[in-house]
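Asker: This structure is in structure tokens; I'll ask about it shortly.
The values are calculated or read from the model by the stated rules, or taken from the named source; none is laboratory data. This structure is a prediction, so every number in the text was calculated from the model and none was measured. Glycine also receives a Cβ, built like all others from the backbone with ideal geometry; neighbour counts cover every protein chain displayed. To get the accessible areas, we keep the full protein, side chains included, count just its heavy atoms, and leave off ligands, DNA and RNA. Shrake-Rupley method; radii C 1.70, N 1.55, O 1.52, S 1.80 Å.
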Amino acid sequence: TFATEHDVDAKKDMNYLNGVTTYDLVLISKHILGTEILDSPYKIIAADANHSESITALDIVKLRALILHIDDELANNDSWRFVDANYEFPNPNNPFQEDFPEQVHVTVSDFIPANFVGVKIGDVNGTSSPNSLLGTDTRTMNGALALQLDAEKVAEGETFTMDFKAKDFNNIAGYQFTLGFDNDQVEFVDVTTNLEGLSVENFGTTKLTEGVITTSWNSSKGVNVKNDEILFSITFVAQATINTADVITINSRYTESEAYNASDLFDVVLEFNGNEITSGFELYQN
């Protein structure tokens, strides 16, 4: 018989956001602080977004840039990594202690398949869809986290600030959403923050010309905020006489709208003067 030996590897480098949400950042931050360690070497590899063979806050920064649509890919990593399925990690708590094989050596005459474990980078809770071009899209919500705003009339040319206030913000460990605004009616000026751990770095402003601001915030523990306390504020200039309730929405056009506590997934909604508004018609990407 004629035997041919080969080293086989696998590659899939597309859709970096597949399975990646702010909840993954919650879990990675807990791992970094040691309050809840990622319990598999594959999860730890998934958390290493910048391919540094360590898990640090920089990995969170890189993944958040994806979630906010500031970056479309990870500069130093692929979307997926593939590990020889037969490999046993000497130290599962530190898979980077020794180089793990990302190739499988096969002899063609043996007809032994090359098996890999696929690791979706950034997805530490296993929500990615390996066979989908667009990733996961089915979510079961257990209620909603409401952000409160005051509706008011604003004259053309006036600079005004919208304060996003807490309502039943109890034990929340993270949220993310797309904030849509009518850029024919208002022009974005600035964002200021008040929520613990929230800064301007938690907002994405690369798509302002589309009337879009993205945001992602997380904490390593559940955070409580009193009702009517301001979480963050956004300042606009009115291009026409408007009612603020008519020019801004929360939706999932780019960054999916969701929030998390210790065990539940919530939608994120806006309430003007105590009344919830719908996001209305939105034109999404193909």
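Asker: Of the residues that make up segment 124-144, is at least one open to solvent by less than 40 Å² (accessible area, probe 1.4 Å), in contact with a helix residue (DSSP H, G or I) (Cβ under 6 Å, 6 or more places away or on another chain), modelled with pLDDT of 95 or more and in a loop (DSSP other than H, G, I, E, B)?
Answerer: yes
Asker: I'd like to verify a number: residues in segment 96-120 that are over 17 Å from E5 (Cα atoms) and assigned to a strand (DSSP E or B), how many?
Answerer: So the answer is 5.
Asker: Could you check segment 224-244 and list, in sequence order, the residues that are under 18 Å from F177 (Cα atoms) and hydrophobic (A, V, I, L, M, F, W, C)?
Answerer: Result: I230, L231, F232, I234.
Asker: Now a separate question. Just for segment 182-196: of the residues that are of a type outside the set (S, T, Y) and open to solvent by 60 Å² or more (accessible area, probe 1.4 Å), which one is farthest from the chain's Cα centre (by Cα)?
Answerer: Taking the candidates together, the pick is D184.
Asker: For segment 161-181, does any single residue satisfy the condition of being surrounded by 22 or more Cβ atoms within 10 Å (Cβ to Cβ), in contact (Cβ under 8 Å) with a residue 60 or more places away in the chain and of a type in the set (S, T, N, Q)?
Answerer: yes
Asker: Being in contact (Cβ under 8 Å) with a residue 40 or more places away in the chain, surrounded by fewer than 16 Cβ atoms within 10 Å (Cβ to Cβ) and either touching an Asp or Glu at 6+ places or on another chain (Cβ under 7 Å) or on the phi > 0 side of the Ramachandran plot (or both) narrows it down to one residue among D78, D13, D7, D48; which is it?
Answerer: D13
Asker: From S220, S199, grab the single residue that is open to solvent by less than 60 Å² (accessible area, probe 1.4 Å) and without any contact (Cβ under 8 Å) to a residue 12 or more places away in the chain.
Answerer: S199
Asker: Kindly state which strands (runs of 3 or more DSSP E) lie completely within segment 198-251 and contain at least 2 residues that are on the phi < 0 side of the Ramachandran plot, of a type in the set (S, T, Y) and within 21 Å of the chain's Cα centre (by Cα).
Answerer: Of the strands (runs of 3 or more DSSP E) lying wholly inside segment 198-251, those with at least 2 residues that are on the phi < 0 side of the Ramachandran plot, of a type in the set (S, T, Y) and within 21 Å of the chain's Cα centre (by Cα) span 212-225.
Asker: Exactly one condition in (1) open to solvent by 10 Å² or more (accessible area, probe 1.4 Å); (2) in contact with a strand residue (DSSP E or B) (Cβ under 9 Å, 6 or more places away or on another chain) is false for A238; which is it?
Answerer: Going through (1) open to solvent by 10 Å² or more (accessible area, probe 1.4 Å); (2) in contact with a strand residue (DSSP E or B) (Cβ under 9 Å, 6 or more places away or on another chain) one by one, A238 breaks only (1).
Asker: Can you go through A151, A245 and tell me which one is in contact with a helix residue (DSSP H, G or I) (Cβ under 8 Å, 6 or more places away or on another chain) and in contact (Cβ under 8 Å) with a residue 24 or more places away in the chain?
Answerer: A151
Asker: Same structure, new question: Any residue in segment 251-270 that is under 18 Å from G211 (Cα atoms) sitting within a Cβ distance under 7 Å of a residue that is at pLDDT 95 or above and part of a loop (DSSP other than H, G, I, E, B)? List the pairs, counting only those 6 or more apart or interchain.
Answerer: Hits for this filter: N251/S257; Y254/H69; Y254/K207; T255/L68; T255/H69; E256/T21.
Asker: Is it the case, given these coordinates, that D163 is over 17 Å from I70 (Cβ atoms), of a type outside the set (S, T, Y), in a loop (DSSP other than H, G, I, E, B) and out of contact with any Cys (no Cβ under 6 Å at 6 or more places or on another chain)?
Answerer: Answer is no for this residue.
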